[in-house]
Each structure stands twice: as C-alpha cells, then as structure tokens.
C-alpha cells in the first residue's frame, strides 16, 4: 500500500496560480496575424483578394496564400 501525501489547499492554490499565470503570459505574448491596409494600398487589391472575409483579417484565399508565400509580393505575370 502506498501512502499519498494529503493535498493542502495552499498547494492546490499554488498550482492553480502557476497555471493561470502561465496561461496569461502566453496570451499576452502571443500575437495574432493582423491584416493591414498597407498591402491593399501597395498592391491596389481589395482585402477580399487575399482574405475569405471581405474586411480581411481572417483565413486566406488561395491567392492570399500565394501572396504570403511570395513574401507578401504580387506574383510576376
């Protein structure tokens, strides 16, 4: 028979504090990709040319994926 130590409220709160702190740090450090109007101004293309949603900032269309893979430059014709 193994003897397990009793978990105290302090140790449970300590673990929860570490988890919440780590989660918060990850949230603050991470950055989501942000579509910027500069690409539209530079290329003359509307946001909908690269983005699924017409206002931009979401999943890329096939053209948008190619644009991104090409270093955010229009492919040469």
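The values are calculated or read from the model by the stated rules, or taken from the named source; none is laboratory data. The shown structure was predicted, so the numbers you read here are calculated from the model rather than taken from an experiment. Neighbour counts run over all protein chains shown; Cβ positions are idealised from the backbone, glycine included.
A few points about this structure:
- For residue 45: the one exception among (1) modelled with pLDDT of 80 or more; (2) part of a helix (DSSP H, G or I): (2)
- Condition broken by residue 24, with the remaining ones in (1) at pLDDT 85 or above; (2) within 22 Å of the chain's Cα centre (by Cα); (3) exposed (fewer than 12 other Cβ atoms within 10 Å of the Cβ) satisfied: (1)
- Checking 40, 56 one by one, the residue that is surrounded by 12 or more Cβ atoms within 10 Å (Cβ to Cβ) and either in a loop (DSSP other than H, G, I, E, B) or at pLDDT below 80 (or both) is 56 and no other.
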